[in-house]
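The values are calculated or read from the model by the stated rules, or taken from the named source; none is laboratory data. Only a predicted model underlies this, so the values are computations on that prediction, with no experimental measurement involved. Every residue, glycine among them, receives a Cβ derived from its backbone with ideal geometry; neighbour counts consider all protein chains shown.
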């Protein structure tokens, strides 16, 4: 299967229930990055998965897989947010949200906002 050229093509390649989840995750990440940076972010395909960019660098990648949706890279957080994401960590810097479970969209929003804020602060 060829690598999609756009994020829209990437998401369209999934079955409707997964595509709907990916669209919602996309909206959350794009909104968080736009709020943190004050501008609409660029979206692109990197490493064969969707990425939302901030200032020419990635802010966050997300991907659909057969059994889950993943977010990458997600650094360790301080305090309560890390406690909330701990059960979703698959590796040091990745989170996994199984299709068999309800998607924790409010948690994904907090994750995206924290990462976007960290990326903006690192640029200053």
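Quick notes
- Count of residues meeting criterion [free of Cβ contacts under 8 Å to residues at least 40 places away in the same chain, more than 13 Å from residue 25 (Cα to Cα) and surrounded by 12 or more Cβ atoms within 10 Å (Cβ to Cβ)] in segment 57-75: 3
Residues are listed down the side, and each one gets a yes or a no for (1) at pLDDT 95 or above; (2) farther than 26 Å from residue 6 by Cβ:
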position: 39; (1), (2): no, no
position: 43; (1), (2): yes, no
position: 52; (1), (2): yes, no
position: 57; (1), (2): no, no
position: 75; (1), (2): no, yes
position: 78; (1), (2): no, yes
position: 105; (1), (2): yes, no
position: 108; (1), (2): yes, no
position: 111; (1), (2): yes, no
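- Of all residues making up segment 76-124, the number that are closer than 18 Å to residue 25 by Cα and surrounded by fewer than 11 Cβ atoms within 10 Å (Cβ to Cβ): 4
- Residue check, residue 52 crowded, with 18+ Cβ neighbours inside 10 Å, in contact with a helix residue (DSSP H, G or I) (Cβ under 8 Å, 6 or more places away or on another chain) and over 18 Å from residue 106 (Cβ atoms): yes
- Residues that are surrounded by 20 or more Cβ atoms within 10 Å (Cβ to Cβ), in contact with a helix residue (DSSP H, G or I) (Cβ under 6 Å, 6 or more places away or on another chain), at pLDDT below 95 and not in a helix (DSSP H, G or I) are absent from segment 2-18 altogether.
- Taken over segment 19-49, the residue count meeting the criterion of being surrounded by fewer than 21 Cβ atoms within 10 Å (Cβ to Cβ), over 13 Å from the mean Cα position of the chain (by Cα) and farther than 22 Å from residue 101 by Cβ is 9.
- Top-ranked residue of segment 98-122 - restricted to ones that are in contact with a strand residue (DSSP E or B) (Cβ under 8 Å, 6 or more places away or on another chain) and in contact (Cβ under 8 Å) with a residue 60 or more places away in the chain, ranked as nearest to residue 11 (Cα to Cα): 99
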